[in-house]
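Chemist: This structure is in C-alpha cells; I'll ask about it shortly.
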Amino acid sequence: MLNKYDTIYQQLAKEIDDGKRLPGEKLPSEHELTELFATSRETIRKALKLLSEHGYIQKIRGKGSIVLDRSTFDFPVSGLVSFKELAHKLGDDVITTVHSLQKISANDFLQKQLGCDAEEPLWAVVRARKISGESIILDKDYFLEEYVPNLTKEICQDSIYEYVEKTLGLTISFAKKEMFVTEATEEDKQYLDLQNYDLVVVVRNYVYLDNAVLFEYTESRHRPDKFRFVDFARRNR
C-alpha cells in the first residue's frame, strides 16, 4: 500500500503528464494542497520533494512550485541499451531511417577510435531517429566486420544489438562514453530537424564484447533542446 505522499505525488505527476498542469504554471500553495488532499503539510512537502526529484517541478523561493517542461527524453548515461529498447520506454512514435550502410576501410580517425588497422573492414551506418515527428538524433555507427558480418539495411532499421546478441550469439558487455557539445555539421543539418540550433550534443560510445574486444564505435548526435541525459550517482566514503 502506498504512503499518502506517494499517492499525492502520483496524482500530481499524472496531471502534469496528461497536460492538465502546463509548463510554467504554479502549483497550489502548500496550504492549499493540504486542504485539497486533507492531509498534513509535512506529507505535502514529501510529495513535492518527489515531484522535484523526478523533474516535474522546480521549487523557487518566494514563488512556490513551478511546473517544468517535460517535453524532453531521458537518456541514461550509465546504461547500455539499444535504441529499440529505449523506444519502448519512451512510449512515443519512434521511426528509424537508415540513410546509408556501407563497408569501408578505417581512416586515421577510426583506426584511433577502434584500435584497428587501416586494412580492417568496417561497417559504417548512418541512421536518423525521429521521435514524435521530429528527427532529433543522428547515429553514426562503425562496427568491425569480423564480429558483425552480413549486416543489412533491414537489420539496421530494426536493431543491430538484437542481431548481434540473438542471431550472432555474442554478448555485449560494457561501454566507455564521452559527451560534449559541438557545432552542427552539414550532415547534421541535412538529416536533423535542428530548427534554429547550431549546436549538437554528441555522445561517443566505445562498446565492448564480454571478451573485452572493442567492436563498435558510435557517435550519437542530439538536438540539444529535446534531451536530458540522466545518471545515478552515490557518494562512497
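The values are calculated or read from the model by the stated rules, or taken from the named source; none is laboratory data. Because the structure is predicted, anything quoted here is derived from the model rather than measured. Here the Cβ positions follow ideal geometry from the backbone for every residue, glycine too, while neighbour counts run over all protein chains shown.
Chemist: Quick one: which residue in I137, I95 is modelled with pLDDT under 95 and surrounded by 17 or more Cβ atoms within 10 Å (Cβ to Cβ)?
Modeler: The conditions single out I137.
Chemist: Okay, next question. If the Cβ limit is 7 Å and pairs must be 6+ apart or interchain, which residue in region 99-120 that is more than 18 Å from A212 (Cα to Cα) pairs with which residue that is polar (S, T, N, Q) and in a strand (DSSP E or B)?
Modeler: Within 7 Å, the pairs are A118/S105; E119/S105.
Chemist: Select from region 100-125 the residues that are surrounded by 15 or more Cβ atoms within 10 Å (Cβ to Cβ) and not in a helix (DSSP H, G or I) and write down the one among them that is modelled with the lowest pLDDT.
Modeler: Result: E120.
Chemist: Additional query: Given the criteria surrounded by fewer than 18 Cβ atoms within 10 Å (Cβ to Cβ), more than 22 Å from N196 (Cα to Cα) and in the same structural domain as R223 (by TED's automatic domain parsing), does E154 qualify?
Modeler: Yes: the conditions hold for E154.
Chemist: Hey, any hits in region 200-211 for a residue that's of a type in the set (S, T, Y), free of Cβ contacts under 8 Å to residues at least 24 places away in the same chain and either closer than 25 Å to N107 by Cβ or exposed (fewer than 13 other Cβ atoms within 10 Å of the Cβ) (or both)?
Modeler: No: zero hits.
Chemist: Which residues, counting only those in region 162-194, are touching a strand residue (DSSP E or B) at 6+ places or on another chain (Cβ under 9 Å) and either assigned to a loop (DSSP other than H, G, I, E, B) or basic (K, R) (or both)?
Modeler: Passing the criteria: L170, T171, K176, K177, A184, T185, L192, D193, L194.
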